[in-house]
1. Are there helices (runs of 4 or more DSSP H) fully within the range 23-133 with at least 1 residues that are within 41 Å of the chain's Cα centre (by Cα)? List them.
2. May I ask you to say which residue of Thr118, Thr102 is of a type outside the set (Lys, Arg), at pLDDT below 80 and surrounded by 11 or more Cβ atoms within 10 Å (Cβ to Cβ)?
3. Need the failing condition index for Val82 against (1) modelled with pLDDT under 90; (2) in contact with a helix residue (DSSP H, G or I) (Cβ under 7 Å, 6 or more places away or on another chain); (3) of a type in the set (Val, Ile, Thr), just the number.
Amino acid sequence: MSKKIMILDMFYNNHLKQIEIAKELNVSKAYVTKIIKCDSRYTTEKNTRKEDNVFNRRLYLYNYLKDYRAKKKEDKQLDEFVKKQHEQASYELSAKPHISKTSLRKSCGSIYDYNSKTNSFHVKKNICVSFDMPRTINMNKKILIREKG
């Protein structure tokens, strides 16, 4: 079988590209093109391949856009999830930076003694507290204190 017949067979029947034919037969691409263009089937084959490429390109773009939209939807859902987590964390961490003296006295009531003369609470003498803990809490209004008994 001659090289010309092999080139035509590979191009029209096997639908190989010119570069693939040139590499397989160890000839130049220009030679393959010259042989193919001399054949009467060249224009119809060229148009057929062109239409196939257009169809394949449209199919590729369709699938690409479909995947892109799906990914974008997933990203949007992820963004919403992260936003909700951020809001929850902000809510949990957004406590007042300072606790009021009254609230402190209520939560740590066992370390304070009440002095009815000055209407205030004082830290018990045998208790060591940190520097930022108030030693005295003055009460402007009367608080009901339950006496033991």
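1. Where helices (runs of 4 or more DSSP H) fall fully within the range 23-133 and carry at least 1 residues being within 41 Å of the chain's Cα centre (by Cα), they are 42-93.
2. Thr102
3. Checking Val82 against (1) modelled with pLDDT under 90; (2) in contact with a helix residue (DSSP H, G or I) (Cβ under 7 Å, 6 or more places away or on another chain); (3) of a type in the set (Val, Ile, Thr), the one that fails is (2).
The values are calculated or read from the model by the stated rules, or taken from the named source; none is laboratory data. Quick caveat, the model's predicted, so the values are computed rather than measured. Every residue, glycine among them, receives a Cβ derived from its backbone with ideal geometry; neighbour counts consider all protein chains shown.
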